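To keep things clear, I will list the structure first and then write my remarks on it.
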Amino acid sequence: MQYSFRLAEILGHVPDPRKRPGTVKAIVEYTGLDRHQVSALLKNEVKYIPLKALSRLCDYLVEHGYVTADQLPGALFAVEPENFWELLARRQKVEMCLGVRRATGAELPHGSWLVASDSLLMGELLNGISTLGGTAKMQSTEANEFNSPQRPHPELLKQSLVWSPADDNVDEMRSRSHAVYEDFVESTSDRALIGLGSVKSNSVIELIVSNTFDCDPFVNQRYVDDPSLRSCPFMLRYRDEERQPES
């Protein structure tokens, strides 16, 4: 797993030799850090940072209103996306959740099906996790006692199915989704939950997103006074003739 330092992103700092906004100078004067160290932090070129320096940077960001104290120090770090497959492969447990659609009034399980694109996506995920996105064979790894390469892989792969939202199964859909999500949250292993599809087909994604952005699931925020007051920073738009998610 590889982390990057997001100081420049938080400050909105864009290095430009033609402009000198004074960012480095302001941080140096407030924190007492070395000018070259601050410059390296802004360029994400440092290999380590002392806790004292990290504390002073956090104080600077809070006092100048860039972030709130409860967001730090986590807001300063990000996981690099190129190690996405390894990030999943190193989890002890990986759970994939898919939404199951069913025809109105159809008897179970004959009238139920999975969307083909979700099934294909699950296959791609399984392949990516097991091969580290196709890069595992290019990595030099130590051999074990059976002379086979050691690769990170989950100890447990689990598939969960939930009902896709429909007009005639709202209570059943929510009950099943909450059960799957709460079962994952309550487990104590090093784990990952992947919701396949979208909120239109998989309501567990609704719970994942609402928990991430600290808002209520299945609640529409279109009537807030200002768009900036919405809890979720993105919007999903569906065709008018399709069933619209409640949120």
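The values are calculated or read from the model by the stated rules, or taken from the named source; none is laboratory data. Because the structure is predicted, anything quoted here is derived from the model rather than measured. Because the Cβ atoms are built from the backbone with ideal geometry, glycine has one as well, and the counts that use them run over all protein chains shown.
Quick notes on this one:
- Meets criteria (surrounded by 13 or more Cβ atoms within 10 Å (Cβ to Cβ) and in the same structural domain as Gln71 (by TED's automatic domain parsing)) for Leu33: yes
- Against the numbered list (1) at pLDDT 85 or above; (2) out of contact with any Gly (no Cβ under 9 Å at 6 or more places or on another chain); (3) assigned by TED's automatic domain parsing to the domain that holds Ala166, Leu98 comes up short only at (2).
- Residue in region 71-82 that is under 21 Å from the mean Cα position of the chain (by Cα), farther than 30 Å from Leu196 by Cβ and surrounded by fewer than 17 Cβ atoms within 10 Å (Cβ to Cβ) present: yes
- Ala166 vs. criteria part of a strand (DSSP E or B), hydrophobic (A, V, I, L, M, F, W, C) and surrounded by 12 or more Cβ atoms within 10 Å (Cβ to Cβ): no
- Ser210 vs. criteria closer than 16 Å to His178 by Cβ, surrounded by 13 or more Cβ atoms within 10 Å (Cβ to Cβ), free of Cβ contacts under 8 Å to residues at least 60 places away in the same chain and not assigned by TED's automatic domain parsing to the domain that holds Trp163: no
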